[in-house]
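Below is one structure, written out as structure tokens; comments come after it.
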Amino acid sequence: MTIQEGVVKYQCEYTPAPALPAAQISELNAWRKLMVLARLIGQNPDLYGGYGYGNISHRLDTIVRADGRHPFVITGTQTGGKAELTPDDYVVVTACHPEENWLAAQGPVKPSSEALTHGAVYALDSQILWVVHAHSPEIWHNAEALGVPMTANVPYGTPEMAAEVRRLYAESDLPQKHIFGMAGHEDGIVTYGHTAEEAGFTMLSYLVRALQISERKN
Ligand SMILES: [Zn+2]
């Protein structure tokens with residue numbers, strides 16, 4: 001069974017706070033816009049129970065922290081359907097503990113339900129500063145042919161997903177590829193990088209390769 005998008009099921013200590021300055025989210029917002037154009041982030045009444053899907057985040061510090069806990073800014077919950085976001089649609093996750101299923105967030109909106117998975121990726125390596133979670137049936141269905149590492153079939157945004165991300169990082173070629181698929185989350189793909197370009201272009205280049213495979217099948 002696959003788990004649908006849009007159900008917030010973790011403990012969130014949420015504190016309303018003013019939005020970040022527009023300059024601090026402009027790169028994030030530009031990449032998100034491109035992902036929406038490519039339908040890698042969005043909302044469709046016929047898909048995923050009609051919930052918004054996909055989200056993008058950016059770590060706010062470049063400090064190497066031994067505990068791997070880094071504040072990051074992420075799109076708010078259920079923003080997938082909006083073509084244009086403003087600073088009021090972004091929130092800062094100030095503490096993220098995927099293994100305990102809780103996080104703390106501050107901002108004008110509650111964080112996306114995928115924030116725990118983003119936090120689990122940031123905890124892998126202090127060099128990871130950008131994470132993109134998209135929905136791509138093309139990449140997801142061709143994951144094996146593309147050599148995309150896949151998690152076991154566990155629900156997204158859970159301690160089990162965080163453990164699967166750590167396992168893939170240790171056991172697969174995820175550290176070289178910067179992409180993985182979520183077997184228990186229909187069409188769910190995650191890419192990451194030190195820069196927005198690394199995370200964003202990894203997603204786009206795998207999509208292009210997947211489209212070529214789909215074409216050959218037709
Ligand atoms: Zn998703």
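At-a-glance table
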item	result
Failed condition for Phe201, given (1) without any contact (Cβ under 8 Å) to a residue 60 or more places away in the chain; (2) touching a Gly at 6+ places or on another chain (Cβ under 9 Å); (3) closer than 22 Å to Cys96 by Cα	(3)
Top-ranked residue in the range 173-205 [being among the hydroxyl-bearing types (Ser, Thr, Tyr) and more than 16 Å from the ligand (Cβ to nearest atom); ranked as nearest to Asn153 (Cα to Cα)]	Thr202
Matching option when the condition is in contact with a Ser or Thr (Cβ under 6 Å, 6 or more places away or on another chain) and within 16 Å of the ligand (Cβ to nearest atom), among Val132, Val148, Val165	Val132
Count of residues meeting criterion [crowded, with 19+ Cβ neighbours inside 10 Å and out of contact with any helix residue (DSSP H, G or I) (no Cβ under 6 Å at 6 or more places or on another chain)] in the range 160-185	4
Which numbered condition Val93 misses (of (1) in contact with a strand residue (DSSP E or B) (Cβ under 7 Å, 6 or more places away or on another chain); (2) buried (at least 24 other Cβ atoms within 10 Å of the Cβ); (3) touching a residue at least 40 places away in the same chain (Cβ under 8 Å))	(3)
Residue in the range 29-37 that is away from the ligand (no atom under 16 Å from the Cβ) and within 16 Å of Ser112 (Cβ to Cβ) present	yes
Meets criteria (among the aliphatic types (A, V, I, L, M) and modelled with pLDDT under 95) for Val190	no
Matching residues in the range 102-117 - criterion: being assigned to a loop (DSSP other than H, G, I, E, B) and either touching a helix residue (DSSP H, G or I) at 6+ places or on another chain (Cβ under 7 Å) or β-branched (Val, Ile, Thr) (or both)	Pro108, Val109
Ala120 being assigned to a strand (DSSP E or B) and either in contact with a Phe, Trp or Tyr (Cβ under 6 Å, 6 or more places away or on another chain) or within 15 Å of the ligand (Cβ to nearest atom) (or both)	no
Residue count, the range 38-62 (criterion: touching a residue at least 24 places away in the same chain (Cβ under 8 Å), within 14 Å of the ligand (Cβ to nearest atom) and in a loop (DSSP other than H, G, I, E, B))	7
Enumeration of residues in the range 150-159 that are modelled with pLDDT of 95 or more and crowded, with 20+ Cβ neighbours inside 10 Å	Thr151
Flag if Glu99 is in a loop (DSSP other than H, G, I, E, B) and more than 16 Å from the chain's Cα centre (by Cα)	no
Pick from the range 158-174, criterion outside any helix (DSSP H, G or I) and not charged (D, E, K, R), ranking: farthest from His185 (Cα to Cα)	Ser172
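The values are calculated or read from the model by the stated rules, or taken from the named source; none is laboratory data. The structure presented is a predicted model; accordingly, all values stated were derived computationally and were not measured. Neighbour counts run over all protein chains shown; Cβ positions are idealised from the backbone, glycine included.
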